[in-house]
1. Which whole-number percentage describes the relative contact order of the chain, with Cα contacts under 8 Å and a sequence gap of 6 or more?
2. Heavy atoms only, probe 1.4 angstrom, no DNA, RNA or ligands counted: give me His185, His230 ranked by accessible area, highest first.
3. Order Asp21, Asp229, most accessible first, counting only protein heavy atoms with a 1.4 angstrom probe.
4. What number, in percent, do you get for the relative contact order of region 163-307 if the mean sequence gap of Cα pairs under 8 Å and at least 6 apart is divided by its residue count?
5. Compute the accessible area per residue over the chain, keeping the other protein chains in place, probe 1.4 Å, unit Å².
6. What figure, in Å² to the nearest 10, do you get for the accessible area of Ile80 with a 1.4 Å probe and non-protein molecules left out?
7. Enumerate the residues in region 224-264 having an amide nitrogen under 14 Å from the point lying 7 Å beyond the Cα of Val195 toward its Cβ.
8. Working out 0.36 nm times the residue gap between Asp54 and Glu207, then minus their Cα-Cα distance, what length gain in nm do you get to one decimal?
Amino acid sequence: MATTSRDRTSLAALELLVATDSHGSISAAARALGVAQPTASAGLRALERRLGLDLLERTTRGARLTETGRATAAWAREVIEASDRFETSVAALRDAPAARVRVAASLTVAEYLAPRWLARLALEGPAGGGAPDVELVVRNSREVTELVLGGEVELGFVESATLRRGLRSRTVAHDRLVVVVGPAHRWARRSALRVDELLTGGLVVRERGSGTRETLERGLAAVGERLPDHLPYLGSTAALKTAVQHAGAVAVLSSLAVADDVARGALVRVAVPGLELERRLRMVWKDGAALSPGARRIAAAAAAASG
């Protein structure tokens with residue numbers, strides 16, 4: 001018959017029995033455990049009743065363990081040692097440095113969203129388990145997908161509208177691409193542009209595989225247009241903003257990425273009616289993969305931020 005927690009003998013009672021065996025008397029056991037002798041005597045009598053065994057032989061000169069008592073003490077010592085090993089192992093796990101979690105993110109997520117999630121985990125402190133040790137790999141969305149599918153990272157965050165087979169996903173934010181120019185640009189005071197003006201007016205774009213570029217291409221395709229061949233392309237949001245601010249270029253960038261620049265007048269948004277550039281930012285992981293505890297905490301933080 002299976003033993004339930006209600007049937008188990010307490011560790012304190014077993015420690016008292018083992019101490020009596022080790023030190024030769026109840027009084028010596030009581031001193032070793034830091035309890036009063038009457039308390040120790042009462043505890044051993046309760047243990048005898050609990051087990052239904054005669055553990056002690058009591059005489060006018062004191063009490064000593066019976067053969068049954070010594071055998072029971074030997075078994076109890078194994079239980080105490082196992083409990084000590086458990087406590088030591090748990091302490092080692094608690095004090096060990098957190099395993100590193102590798103996460104890959106597209107530029108927009110890495111620069112404007114991931115720092116918020118990681119900061120939130122850090123603020124939870126020890127009560128929340130502490131912040132995971134995170135290695136954040138920054139790539140474009142296509143490369144992030146490849147890293148996840150290849151098992152090189154546990155979680156990925158992408159901007160692309162389509163996902164490859166073998167991935168599961170969850171939306172963590174919504175974003176919109178916007179057209180921006182410098183404050184001295186001839187379009188800075190225009191209320192709106194036509195799509196054909198955008199395509200022939202000094203546009204610079206991200207490289208192929210970027211989620212930003214994919215969203216722009218899909219938006220253009222919806223209105224029967226496409227990006228011209230041989231447009232200049234740059235590999236980062238910061239490089240595109242520099243080209244816009246200092247070289248008179250035009251770019252289509254995440255509203256998250258340009259919000260501060262627009263607020264302080266370093267960039268100017270220009271509307272392009274009819275060009276829909278909404279997108280979802282998504283967390284992706286390999287279908288069937290078991291996420292580590294650290295990766296699950298990062299995923300939960302990202303999901304919580306999405307509301």
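The values are calculated or read from the model by the stated rules, or taken from the named source; none is laboratory data. Remember, it's a predicted structure, so these values are computed and weren't measured experimentally. We place every Cβ from the backbone using ideal geometry, glycine too, and count neighbours over all the protein chains shown. Side chains are part of the model used for accessible areas, which takes the heavy atoms of the whole protein and leaves out ligands, DNA and RNA. Shrake-Rupley method; radii C 1.70, N 1.55, O 1.52, S 1.80 Å.
1. Contact order relative to length: 21 percent.
2. So, going from the largest accessible area down, we get His230, His185.
3. Heavy-atom accessible area, descending, gives Asp229, Asp21.
4. Normalised by residue count, the contact order of region 163-307 is 47 percent.
5. 55
6. Ile80 exposes around 30 Å² with every protein chain in place.
7. Under cut-off, by backbone N: 224-228.
8. Once the chain is fully extended between Asp54 and Glu207, it gains 46.8 nm.
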